[in-house]
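Asker: Below is the structure I would like to discuss, written out as structure tokens.
The values are calculated or read from the model by the stated rules, or taken from the named source; none is laboratory data. Since this is a predicted model, take the numbers as computed values, not measurements. Reconstructed Cβ throughout: ideal geometry from the backbone, glycine too, with neighbour counts over all protein chains shown.
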């Protein structure tokens, strides 16, 4: 545990980088310092390994003040990822990673073995071991920087905008690798970023710093998004914080509808959305009504078991038919579809469960006129379909997604009641719509077999 | 204006000696200057803002005409002859230091902050950081300085012929006084050959010692 006790840092030129910072970084968790440029995050970070000394207050590590430790000894126990990686350009990848171990006096072979091990765990090929940093891509360099910070297995890791230089796709991969590593060995991590999304994605605890170096708010990412302490935090976490907050709602609460599924795009009737899947039942795209046999791009998909409502809503918004395609986490196989309305209804449901006070809970059977009459909260005014009531029961029964009738009807009703012009036929189970594939079309995967497909 | 091949043939041994002298007079001051410039450059780099004026002083030193230095050095040094080759060596060393310190400072300044921070954060002490990280990274700039200083030294040694020693420069004097064409050409060709050889050696050493900087501007 690292404790900042009213720590301040005023530089010689009079700039106050950090002002009266009191913060506890609990052991084994990720604490993110986030704020606009000049918020003092980097300074706060560098005070922990004493690259910068505070001008007031003190910092304790497991109860003892940092000042009581020798600087070099302290630093060898704290991993550090500098802005942009800070790799040594004149040292090979393994030598970079082995920096701290060799300073600690490990033997050459032990250091190299450890470095190769770390290459594996940060997802780099061992073939890169003897390259120089300049011969690596941006993302690879950042992985090496991470590996170097972890080399001597430090209990504390400091990261200064570790992923800032990577493009968004690489950054997401780096986040995943980082979280995997953190899950396997829970270290005390203090990370600085300017990116709220990154803070929310990585932090167990997020501290928002103001441009003048004051701490504005500390809390879990969810708390910050849902209850920003003041207008600065609210403004900083952004206008779309409501959308971001969907990251905390699991997609497993959704009930899935179904669409006809084919393996061969040419074999489908083009009169309604029909999903094309490959031999392993992974969705490939939609049958294109304009060009028989053609496949329209799928858009994003979401993972049914582990995904979030944010990913589901995104999938719905990017789908050509407004239908989010859910896939299984293992194997990415088609599991069902959901409309944006269904997703919003699930959001409403989640809100009712978390915060009953500000939102009047109504029976699902209540008249719909209330919504039209100006319910203060459009989301919560969406009626609660039966299927959503059953969501929790269903969650225990994995088989529920294989029962199209109930689900399909539930979505049909939802579509009607919320006045959306979704093509309801799409959501009806197979037994109510003609099978477009024909009973003896062997390439067809009957919707009623989806249970088998999903497993 | 034909080359006097017989002269060349007769003087092969003499020419070889002159080339050897020339190389020694040019290269030894470079090496001495490097040894002096590394710590001096580091000190200057550490002074931060004060480095600016000090570097300006050094620039003035490096712009003093070589001949003036050759004549001044004997006045400053303990008593010995004005025609001693040591005068030339000392003058060229001073000249080299003035140029190389700038290269060392530039090299140290080129080390990116995150790299320096990473070195400290890894637990290097200041000396370890300097020797294991900062100086190696300053070397490309230092090599660039070495090339310039070596080239200019090879040229300046010839000028030193005017104060007595001067290796290949003696050939130019000889050509001037005897109106002979061949020593002039021999002196020119050998000077240029020596310069090219020295440059090639520096580049080879750079390649061998800085494998990571391959492809960067030398």
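Asker: Read through the list (1) within 14 Å of chain A (Cβ to nearest Cβ); (2) modelled with pLDDT of 90 or more, then give the number of the only condition that residue B:204 fails.
Answerer: So residue B:204 meets the others, but not (1).
Asker: Also: Pick out the one residue from A:95, A:62 that is more than 9 Å from chain B (Cβ to nearest Cβ), surrounded by fewer than 20 Cβ atoms within 10 Å (Cβ to Cβ) and under 23 Å from residue B:113 (Cα atoms).
Answerer: A:95
Asker: For region A:48-64, does any single residue satisfy the condition of being in a helix (DSSP H, G or I), within 20 Å of residue A:3 (Cβ to Cβ) and out of contact with any helix residue (DSSP H, G or I) (no Cβ under 8 Å at 6 or more places or on another chain)?
Answerer: Checking region A:48-64: not a single residue is in a helix (DSSP H, G or I), within 20 Å of residue A:3 (Cβ to Cβ) and out of contact with any helix residue (DSSP H, G or I) (no Cβ under 8 Å at 6 or more places or on another chain).
Asker: Something else now. Identify all residues within region A:290-311 that are under 15 Å from residue A:329 (Cβ atoms), in contact with a strand residue (DSSP E or B) (Cβ under 6 Å, 6 or more places away or on another chain) and in a loop (DSSP other than H, G, I, E, B); write none if there are none.
Answerer: A:304
Asker: So which of A:213, A:203 is in the same structural domain as residue A:6 (by TED's automatic domain parsing), in contact (Cβ under 8 Å) with a residue 12 or more places away in the chain and under 17 Å from the mean Cα position of the chain (by Cα)?
Answerer: A:203
Asker: Mind counting the residues in region A:97-131 that are on the phi > 0 side of the Ramachandran plot and touching a residue at least 12 places away in the same chain (Cβ under 8 Å)?
Answerer: Counting residues in region A:97-131 that are on the phi > 0 side of the Ramachandran plot and touching a residue at least 12 places away in the same chain (Cβ under 8 Å) gives 1.
Asker: Now a separate question. So which residues in region A:98-117 are part of a helix (DSSP H, G or I) and either closer than 18 Å to residue B:125 by Cα or over 32 Å from the mean Cα position of the chain (by Cα) (or both), if there are any at all?
Answerer: A:99, A:100, A:101, A:102, A:103, A:108, A:109, A:110, A:111, A:112, A:113
Asker: If I ask for residues that are at the interface with chain A (Cβ under 7 Å from one of its Cβ atoms) and assigned to a helix (DSSP H, G or I), which ones from region B:120-145 would you list?
Answerer: Selection gives B:120, B:121, B:122, B:133, B:136, B:137.
Asker: If you go through region A:71-85 one residue at a time, do you hit one that is exposed (fewer than 15 other Cβ atoms within 10 Å of the Cβ) and either more than 10 Å from chain B (Cβ to nearest Cβ) or at pLDDT 90 or above (or both)?
Answerer: Among the residues of region A:71-85, at least one is exposed (fewer than 15 other Cβ atoms within 10 Å of the Cβ) and either more than 10 Å from chain B (Cβ to nearest Cβ) or at pLDDT 90 or above (or both), which makes the answer yes.
Asker: Is it the case, given these coordinates, that residue A:134 is within 12 Å of chain B (Cβ to nearest Cβ), free of Cβ contacts under 8 Å to residues at least 12 places away in the same chain and assigned to a helix (DSSP H, G or I)?
Answerer: no
Asker: Ok, one more. Can you tell me which of A:201, A:253 is surrounded by 18 or more Cβ atoms within 10 Å (Cβ to Cβ), more than 29 Å from residue A:48 (Cβ to Cβ) and in contact with a helix residue (DSSP H, G or I) (Cβ under 6 Å, 6 or more places away or on another chain)?
Answerer: A:253
Asker: Just the residues that are farther than 16 Å from residue B:204 by Cα and surrounded by 23 or more Cβ atoms within 10 Å (Cβ to Cβ), please, taken from region B:140-157.
Answerer: Matches in region B:140-157: B:149, B:153, B:154, B:156, B:157.
Asker: For region B:8-105, which fully contained helices (runs of 4 or more DSSP H) count at least 3 residues that are at pLDDT below 90 and closer than 24 Å to residue B:190 by Cα?
Answerer: Counting at least 3 such residues, we get B:12-46, B:66-76.
Asker: Looking at region A:44-59 only, could you name the residues that are in contact (Cβ under 8 Å) with a residue 60 or more places away in the chain and more than 8 Å from chain B (Cβ to nearest Cβ)?
Answerer: If the condition is that a residue be in contact (Cβ under 8 Å) with a residue 60 or more places away in the chain and more than 8 Å from chain B (Cβ to nearest Cβ), then A:44, A:45, A:48 are the ones that fit.
Asker: Follow-up question, since we're still on this one. Test of understanding: among A:285, A:293, which residue is at pLDDT below 75 and assigned by TED's automatic domain parsing to the domain that holds residue A:327?
Answerer: Within the list A:285, A:293, the selection yields A:293.
Asker: Go through the residues of region A:151-162 one by one and say whether even a single one is surrounded by 21 or more Cβ atoms within 10 Å (Cβ to Cβ), away from every other protein chain (no Cβ under 14 Å), in contact with a strand residue (DSSP E or B) (Cβ under 9 Å, 6 or more places away or on another chain) and under 28 Å from residue A:217 (Cα atoms).
Answerer: No, there is no match, as no residue in region A:151-162 is surrounded by 21 or more Cβ atoms within 10 Å (Cβ to Cβ), away from every other protein chain (no Cβ under 14 Å), in contact with a strand residue (DSSP E or B) (Cβ under 9 Å, 6 or more places away or on another chain) and under 28 Å from residue A:217 (Cα atoms).
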